[in-house]
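These notes concern the structure reproduced below.
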Amino acid sequence: MYEIGKVFSDRKKVRGIKKMKDILPMDKLDQRHRGLSRAVADAYVEAARVCLDRHHESPQEFIINNDHSTTAVVVQWEKPDERSNAAWANTDDATRDGAYACALAATELTKGLVAVHRAERLTGADYYLAPEGKSIEDLEDCIRLEVSGTHSDDTLLKSRLRTKVKQTKNGISDLPAMAAVVGFKVRKILIETVG
């Protein structure tokens, strides 16, 4: 395993010094995202491990397309055991919950936003986010996040993002929103601010 926070890339050298890359911070999400209990966070990460392991070996480089910027990150995970794979045999559930772990970690890393509350039905979102460390009196100062995951190719990833952006616009909430789609197979996370 790599040190927490950053890893060296063996492919990108700057004047003989290897460039550091951020690690997608999926571990211990509940310690930073107060909208997640430990049990929920652990379940999301376990689902992500199962989804990632279906296509890759750890570690892998992922690309986060965040509105108009692109960030390369390292995603690392422990190989799931037989029991974890059996528990997450329902691909739809594993993909959805694993995408929550990856998307929440990506919004934390790229935007400094953390989950503070699970969203209610019909809001056009899955979670409410706020800046890390900000005290939230009510949810009116939050940003909604709608999440999806897929094991398909790039074309479906972009199409799914358009669908999720539309879903946030059709929600009953008028709070600002973002949509995120995790492509486990293609190693991409797309995040778009809904305007």
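The numbers here are math on the coordinates, done by the rules we state, and not lab data. Being a predicted model, the structure only gives us computed values, none of them experimental. Every residue, glycine among them, receives a Cβ derived from its backbone with ideal geometry; neighbour counts consider all protein chains shown.
Which percent, to the nearest 5, of DSSP beta bridges fully inside the chain are antiparallel?
Counting DSSP beta bridges with both partners in the chain, the antiparallel share is about 70 percent.
Could you compute the net charge surrounding residue 186? Neighbours are other residues with a C-beta less than 11 Å from the C-beta of residue 186; K and R count +1, D and E count -1. Each step should come with its number before you reach the end.
Values: positive: 158, 185, 187, 188; negative: 153, 154.
Neighbourhood net charge equals +2.
Dipole of segment 6-194, Cα-centred, from +1 at each Lys and Arg C-beta and -1 at each Asp and Glu C-beta, to the nearest 20 debye?
Details: 31 positive and 29 negative charges, 182 e Å.
Here segment 6-194 has a charge dipole of around 880 debye.
If the chain between residue 121 and residue 156 were fully stretched, how many nm would it gain, using 0.36 nm times the residue separation less the Cα-Cα distance? All intermediate terms of the calculation are to be shown ahead of the outcome.
On the way: separation 35, 0.36 × 35 = 12.60 nm, distance 2.50 nm.
Taking 0.36 nm per residue and subtracting the Cα distance, the gain is 10.1 nm.
For the chain, what does the helix formula give at 222 nm: sum of -39500 (n - 2.57) over DSSP H segments with n ≥ 4, over the residue count, nearest 500 deg cm²/dmol?
On the way: 4 runs with 60 residues, N = 195.
It comes out at -10000 deg cm²/dmol, rounded to the nearest 500.
Using the charge dipole of the chain (Lys, Arg: +1 at Cβ; Asp, Glu: -1 at Cβ; taken about the Cα centre), state which of 133, 110, 172 has its Cα farthest towards the positive end.
Final value for the positive-end residue is 110.
Considering the options 157, 183, 63, tell which one lies farthest towards the positive end of the dipole of the chain, charges being +1 on Lys and Arg and -1 on Asp and Glu at the Cβ, about the Cα centre.
Checked the options; the winner is 63.
If you line up the long axis of helix 91-111 against the longest principal axis of the chain, both from Cα atoms, how many degrees apart are they, to the nearest 10?
With rounding to tens, the tilt is 90 degrees.
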